[in-house]
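Structure first, then comments.
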Amino acid sequence: MSASNQASSLVCQRYANALIKQAEKEKSLDRVERDMHELRAMIKSSGELRSVIRSPLFNGDTLTKAMFALADKAKFQNVTKKFLGVLIVNSRLDALEKTIAEFEKALSVRRGEVNVDVKVAQDLSAKQKKDLEVALSKSLGRDVAVKVDVVPEILGGMVVTIGSRMIDNSVARKLSRLRSAMGAQANDSQAA
């Protein structure tokens, strides 16, 4: 990890922890967590919103009006709205996506959950994700927090990462193994 990435990760962790502390202080952590999930979904589904939060071209007043209007329409908690304001004032709105990820990770650690990253070729339905969480929880004997990323290049199946352990059951990996096996078999045939 480069020094600038590490620094930005550290900044995002600090913002996430500050948000958790403030939400706890105001006894609204569960509602702020819902706000963060909803905000992450909004960012994921809206190219315009991604452009707004990532662009250095918008001034603070414009960003404040836009983000506060979004927060009001979504009926976000006051803590969430103030948090967005802090990011804007500190010119850190571009770190919002990473900060949400750090917020979710910090809450997961506090709950003693095991973080599991899952890569799939197509997005999972809510039921499929819940079924996967239940199966992984049973298998690991602990609660899990599953983060799903859509990576079309894997073609099908999934790649599951739990800590430093990775289980690659993707179609792309199976094809790679098949190519290797066929290549080895062809080499054996030529040698004979």
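Only the coordinates and a few stated rules stand behind these numbers; no lab work does. Owing to the predicted nature of the structure, the values given are computational and were not obtained by experimental measurement. Glycine gets a Cβ as well: all are built from the backbone with ideal geometry, and neighbour counts include every protein chain shown.
Projecting the Cα atoms of Leu49, Ala74, Val118 onto the dipole axis of the chain, where Lys and Arg carry +1 and Asp and Glu carry -1 at the beta carbon, places Ala74 farthest toward the positive end.
Principal-axis analysis of the Cα atoms of the chain puts helix 3-25 at an angle of about 60° to the longest axis.
Given 20 °C and 1.002 mPa s, compute D for the chain with the Stokes-Einstein relation, Rh being the Kirkwood radius over Cα pairs; round to the nearest whole µm²/s.
The diffusion coefficient I find is 112 µm²/s.
What number, rounded to the nearest 500 deg cm²/dmol, is the helix-based mean residue ellipticity at 222 nm of the chain, given -39500 (n - 2.57) per DSSP H run of at least four residues and division by all its residues?
Result for the chain, helices only: -21500 deg cm²/dmol.
Taking Lys and Arg as +1 and Asp and Glu as -1, the other residues whose beta-carbon sits under 14 Å from that of Val144 total +2. As I understand it, the value is the acute angle between the Cα axis of helix 29-45 and the longest principal axis of the Cα atoms of the chain; what does it come to in degrees, rounded to 10? Helix 29-45 sits at roughly 60 degrees to that axis. If eta is 1.306 mPa s and T is 10 °C, what Stokes-Einstein diffusion coefficient results for segment 114-191, Kirkwood Rh from Cα pairs, in µm²/s? Translational D for this selection: 113 µm²/s. A Gaussian network model of the chain, with springs between Cα atoms under 10 Å, assigns the largest mean-square fluctuation among Ala135, Ala181, Ala172 to Ala181.
Helix 60-73 versus the longest principal axis of the chain: what is the Cα-based angle in degrees, 0 to 90, to the nearest 10? Roughly 80 degrees, rounded to the nearest 10.
Most simply put, the chain has about 60% antiparallel DSSP beta bridges, counting only bridges with both residues inside it.
Within the listed set Ser108, Ser91, Ser180, the Gaussian network model of the chain (springs between alpha-carbon atoms below 10 Å) gives the highest mean-square fluctuation for Ser180.
List the relative contact order of segment 114-191 as a percent without decimals, with contacts defined as Cα pairs under 8 Å and 6+ residues apart. After rounding, I find 34 percent. Karplus-based coupling profile of segment 78-84, in residue order and whole Hz: 4, 4, 5, 4, 4, 4, 4, with θ = phi - 60° in 6.51 cos²θ - 1.76 cosθ + 1.60 and x standing for Gly or Pro.
Each other residue within a Cβ distance under 15 Å of Leu124 adds +1 if Lys or Arg and -1 if Asp or Glu, for a net charge of +1. Put in order of Cβ neighbour count within 10 Å, fewest first, the listed residues Ile100, Ile167, Ile162 become Ile167, Ile162, Ile100. Over segment 3-108, the Kirkwood radius and the radius of gyration, each from Cα atoms, give a ratio Rg/Rh of 0.93.
Less than 5 angstrom separates the built amide H of Met158 from those of Asn169, Ser170, Val171, all sequence-distant by 5 or more or on a different chain.
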